[in-house]
Structures are given as C-alpha cells and as structure tokens.
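Everything on this sheet refers to the single structure shown next.
The values are calculated or read from the model by the stated rules, or taken from the named source; none is laboratory data. Predicted model, so just to flag it, every value in this text is computed and none were measured. Using ideal geometry, Cβ is built from the backbone for each residue, glycine included, and neighbour counts are taken over all protein chains shown.
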Amino acid sequence: MKKHLFLLVLLFPCLLKAMDPLLKAALDGDSVQVQTLISSNNYAMLSDKKVLVKALHAAVAKNNLNSVQFLLFIGVPVDASIDGWTALHYALLHERAEVLEVLLKSGANITKIIPEDTSTPLHMAVRSNNIKLILPILRAAFSQNLSYEVVNAKDAHKLSPLHYAVTLGASACISIQLLLRSGADVSVIVRKDHQAYTLFDYVPSSQVDKDSVVNCIKTTLLKMLKARLAEKRA
C-alpha cells in the first residue's frame, strides 16, 4: 500500500498534465479558468458530457462554490452520477455545507442512495453529526412532503438515520432531536440472524452515552407530546 501511495505521489504531476484542462481547473479550485475553458472550447455543446460531470464533482469536493454554480447554470445535471455517487453525495462526504445548499436549491435528489450500502443523503449527514448538513436535508424533505420517507429510510444494514445518530452517543443529542421532530420512528425493530434489536441496542456501551441518549429521546418525545396536547386544547 505504501509503495502504491509513493508511486501515486510521484506520478501525480504527470497525471495532472494529462488530465482534461476543465477537470484540472475544477480540482485546482480555479473558477475563472473553469468559466474561460467552457466559453472558449464550447464544452457545453459536447455530446459526451462526462468531463462536465467530473468537473462538477471535483468542484464540489474542492468546495469551489463559484464553479459549482456556473456548471449548474450551463446545464450540468445536478443528479448526474459517477459510479452511483451524485454531487450531493460528494458534498456530504466532504462536508461542504454551502455547496450542499446550492445543490438542494438546484433540485438535488435527497432520496438517491449510494450503491455501496444504499445509504441516503440523510444517512451520510447524520453519520457526520454535522447539523449544517442535517438541517438542509430535513428542510428539503419537509418542503417535498417526504419527511417520513427520508427520515425512516433503511440502508443495506436495515438501519435508519436515527440508528446512526444513537451510535454516536452523547454528542448526537441535537441530531437525535431533529430526527425525532421530523418523524423518526423510535419503535422500529431490526431483525438480524434470528435476533431482534431495538434502537437502544445501538447506543454505545458507556453509561454516560446510554443515559444521555435515553434522556435526550425521552425529553424530546415528552416536549413533542406536550406541544400536540397544547395544539388540541387551543
């Protein structure tokens, strides 16, 4: 492995020279060069737009907001994928909150799964425990009337975003609260190898984490119940 990495480091300058200029500009974070190349070489008119899609993904990974906006403006499909990964997946993988907002406003599909384990964008956001990534996806789900579907989606391991939130223990209380308020199901049972597991079976073993997660869920559900009762009385 170290030998391969060493060779990659040696060859990287050569690879960049051989790379498509547009892709290189996107990887370099050079938004001016991206726009210049597209204008001068008419990339947008190419029948094969793979380079444009790769440039979009590269710009997302490099947090090059200007290039992302420009590539979307000229018509690069926001949900175009590379090996099943869309630009939205890349934004979540690299935790690019601003870029994420732009992609969502451009209509990025929030239910699109990645092929490796069928994780949804919300699964990815929750695993990062980054509220700046979680909130925009929950807002998008709400605006599209997809809250329940998105919040309770299961991946290949039969786990929902809430399962991943509780695995993070005490540090994830805000994430847990957001998911519960968006309709996450706490009663779901995961069946594996003839065993049944509740949500609380996924909480870390330390007492601090257990107490924190249980208290977070109980407190949040109680507040939600009181709010509903107040609405009925009003």
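Hey, does the stretch 144-157 have a residue that's surrounded by 14 or more Cβ atoms within 10 Å (Cβ to Cβ), in contact with a strand residue (DSSP E or B) (Cβ under 9 Å, 6 or more places away or on another chain), modelled with pLDDT of 95 or more and polar (S, T, N, Q)?
no
Would you please list the contacts, defined by Cβ atoms under 9 Å and residues six or more apart or on different chains, that run from a residue in the stretch 187-210 that is touching a residue at least 24 places away in the same chain (Cβ under 8 Å) to a residue that is in a strand (DSSP E or B) and surrounded by 15 or more Cβ atoms within 10 Å (Cβ to Cβ)?
That search, which allows pairs on different chains as well, returns V190/Y197; R191/Y197; L199/V190; Y202/V190.
Among (1) closer than 30 Å to S106 by Cα; (2) surrounded by 20 or more Cβ atoms within 10 Å (Cβ to Cβ), where does V203 come up short?
Unmet condition: (1).
Is there any pair linking a residue in the stretch 215-234 that is touching a residue at least 40 places away in the same chain (Cβ under 8 Å) to one that is assigned to a helix (DSSP H, G or I) and loosely packed, with under 13 Cβ neighbours inside 10 Å, with Cβ under 9 Å and at least six apart or on different chains, and which?
I217/F200
Would you be able to tell me the number of residues in the stretch 102-133 that are touching a strand residue (DSSP E or B) at 6+ places or on another chain (Cβ under 7 Å) and in a helix (DSSP H, G or I)?
Going through the stretch 102-133 one residue at a time, the tally reaches 0.
From the list S212, S119, pick out the single residue that is under 24 Å from D79 (Cβ atoms) and among the small types (G, A, S).
After applying the criteria, what remains is S119.
Could you check, for the stretch 163-176, whether at least one of its residues is in a loop (DSSP other than H, G, I, E, B), in contact with a Phe, Trp or Tyr (Cβ under 8 Å, 6 or more places away or on another chain), surrounded by 13 or more Cβ atoms within 10 Å (Cβ to Cβ) and modelled with pLDDT of 95 or more?
no
Conditions tested, residue by residue: (1) farther than 19 Å from I82 by Cα; (2) modelled with pLDDT of 95 or more; (3) surrounded by fewer than 16 Cβ atoms within 10 Å (Cβ to Cβ); (4) of a type outside the set (A, V, I, L, M).
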position	(1), (2), (3), (4)
E116	no, no, yes, yes
T120	no, yes, no, yes
A125	yes, yes, no, no
N130	yes, yes, no, yes
L180	yes, yes, no, no
